[in-house]
Amino acid sequence: MNIRKPSKQRQSLKLQGSEMKPVAKLGTDIKAKIGQQLRLMYDEIVEQGVPERFAKILRGLDDPSNESSKNEPA
Amino acid sequence: MSPHRNMRGNMREVMLAAVPSLRAFAISLCGNVDRADDLVQEALLRALANLDSFEPGTNMSAWLFTILRNLFRSEYRKRRREVEDIDGSYAEQLTFSPEQSTRLEINEFREALKALPPEQREALILVGASGFSYEEAARICGCAVGTIKSRVNRARGRLAEILSIEGASDFGPDRETRAVVNSDLLTRRS
């Protein structure tokens, strides 16, 4: 006998009448769709490349005037 | 050129190559370009200041992601009680626009992503977009592989709910059922 009361959230989900499946059983199409949208969003930022402010920061790494290279012979 | 300087030059190249994805991770995490870029800048400065702690031969990209992720989490803890003001800011800051329908879809997705708890969001992005394995993502987030897997699963489930993907007619419940339905259709068609 199940004496556990369904939570409010569970009840409302049931009321929606949708087939609520456990997360572990998400269909491969749903995963694919989410993955596709996620990469679409992500890749549009990746395609913007490296903004100059970051290139400038990293340029200091192999600049001879960089502090870490100061003790090397010129 | 000294070997030392040459090595630093190589490191610069590797770090430069990692920046676009690092930035995409930051923007996806916090939903605001300005805040994300500050985060990327801070992460790069930290990385440069701590280059000695980077183990050559290990994944530079994962190292940078770890630094940025930890910065974000400590900032997030500080900001938790502040009201988030990130609505609309991302779309406005985009300089180019893809096809309108795609644009709407991406915006809707980004809104849904914001609704996820940060630990689910970061897990999903690292595995689903940044291209890290579950093992690498677990190392970046400092948790067990199983934890990452369950976070990614819960993130997908929640997104499917928010975006109402589970109710769409073009998405079958699982591969087996679809296979049966499809073969049934094929039989009837022929």
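Residues in segment A:42-72 that are modelled with pLDDT of 70 or more and in a helix (DSSP H, G or I): how many? Residues that pass the stated criteria total 13.
For segment B:113-138, which residues satisfy the criterion of being in a helix (DSSP H, G or I), of a type outside the set (D, E) and surrounded by 19 or more Cβ atoms within 10 Å (Cβ to Cβ)? Lay out the reasoning, then the answer.
Taking segment B:113-138 as the starting set, the residues that turn out to be in a helix (DSSP H, G or I) are B:113-114, B:118-128, B:134-138.
Checking which are of a type outside the set (D, E) leaves us with B:113-114, B:118, B:120-121, B:123-128, B:134, B:137-138.
Answer for segment B:113-138, where residues must be in a helix (DSSP H, G or I), of a type outside the set (D, E) and surrounded by 19 or more Cβ atoms within 10 Å (Cβ to Cβ): B:L113, B:Q120, B:R121, B:A123, B:L124, B:I125, B:L126, B:V127, B:G128, B:A137, B:A138.
The values are calculated or read from the model by the stated rules, or taken from the named source; none is laboratory data. Note that this is a predicted model, so its numbers are computed, not measured. Cβ atoms come from the backbone with ideal geometry, glycine included; neighbour counts cover every protein chain shown.
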